[in-house]
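Laboratory data are not the source of any read-out in this text; all were calculated from the coordinates shown. These numbers were taken from a predicted model, which means no experiment stands behind them. Glycine also receives a Cβ, built like all others from the backbone with ideal geometry; neighbour counts cover every protein chain displayed.
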Amino acid sequence: MGCEECGSFQPTKTQLLRQSVLVIPQTELRRRVTKGIAKAGIEFSCQDAVIIPIGVDLEDVIAMLGADTHLTGHQLEQIRIFDFDPGSSDLAWLSTATTAQKLLVSAGSSQVEECLQREAIETHFQPIVATASKRVIGYEALSRGRTSSGSMIAPDQLFSYAQQTDSIFFLDRLCRETSIRTAASRELQGRLFVNFLPNAIYDPRQCLKTTLAIADASGFDPRRIVFEVTESEQIIDFSHLKEIFRYYRSHGFQVALDDVGSGYAGLNTLVALVPDVIKLDRELIQDIDREPFKRSVAAGLIKAARGEGIEVVAEGVETIGELSCVVDLGASLVQGYVFARPSADPIREIEWPNGV
């Protein structure tokens, strides 16, 4: 049915009676997708393909992948989707491929518009654990949208729409304010890592003013907030980002740089900004216990960061092997499925694995 070497997929007659097929040719991406689709009761049909059964909404599956598995827009772009006519005897459908990312953005634009009009944003939190104390020291706030029918809208879908409609400033502020209000209502302790888009912040003074007002109204200590630069967009004005960092830090806030080692958060950015916290990219962390080169890269980043007094978060840790490795390398903080998935009402305590 499938060929691992060439990535081809040849459906049987029975499978041609189905609705759609997703082709996921990359091993690491496949592992992450497997966990996501299992929640919908769907399994891989061969080595590199997933058949979406009749009666299962393809758009719901894609939205779930974006919202629940932390797949980036780039990763969703790698998942090809083929639709075919069950009555056709040829394979002309093979030329009609789209991608999960394109479907996610195009299919839900009206739902996203309606979501933003209702300001129907909710926050899920993922715990961040200190390797020294083995305790939860804070949470990253992760925004999700919700349709009027109750379906989840993935963050990539929200922000892609906001970029296209010039409403990114509104969405960035709405997510930040919702995160603080929700953290206060959940009585979460420790630091709160709040993502922000530097290109959406025209004036850091105004941004900080509104953030402090929400924190004050919610009874949330603003000194617990860590402003985290997300990788969702390329930094257009680097000097502007440096000014944002300088202004926040001058007012007693910590700043964090996300996805170091991949994407836009390269070494030049790290050297120029010298943040308080860095998060190692989850692609670097994945299988780090089995890939010596990844260990060498991570070891160098951790050593350099710690030499400057920068805390290091190993993000996307999913296995005991990965956890043991990043602890040995000296990461001071850990975040990932090995402890907990993001949740609207997150755990307060974790069980540290034996032997790590």
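For the range 130-210, what is Rg from Cα atoms divided by 2.2 N^0.38 Å, rounded to two decimals? Please list the in-between numbers first.
Details: Rg = 14.7 Å, N = 81, 2.2 N^0.38 = 11.7 Å.
It is 1.26.
Kirkwood hydrodynamic radius computed over the range 147-189 comes to 11.8 Å, based on all pairs of distinct alpha carbons. Separation of the range 210-226 from the range 264-336 is 29 Å, based on Cα centroids. Going down the table (134/209; 134/303; 134/279), which pairs top 27 Å between alpha carbons? Cα-Cα > 27 Å for 134/209; rest within.
Computed over neighbours whose Cβ is under 11 Å from that of residue 167, the net charge equals -2, Lys and Arg +1, Asp and Glu -1.
When peptides 274-286, 306-318, 168-180 are ranked by their average number of other Cβ atoms within 10 Å per residue, the highest-first order is 274-286, 168-180, 306-318. Less than 5 angstrom separates the built amide H of residue 191 from those of 138, 139, all sequence-distant by 5 or more or on a different chain. Its residue count N sets the reference 2.2 N^0.38 Å, and the alpha-carbon radius of gyration of the range 162-208 equals 1.27 times that reference.
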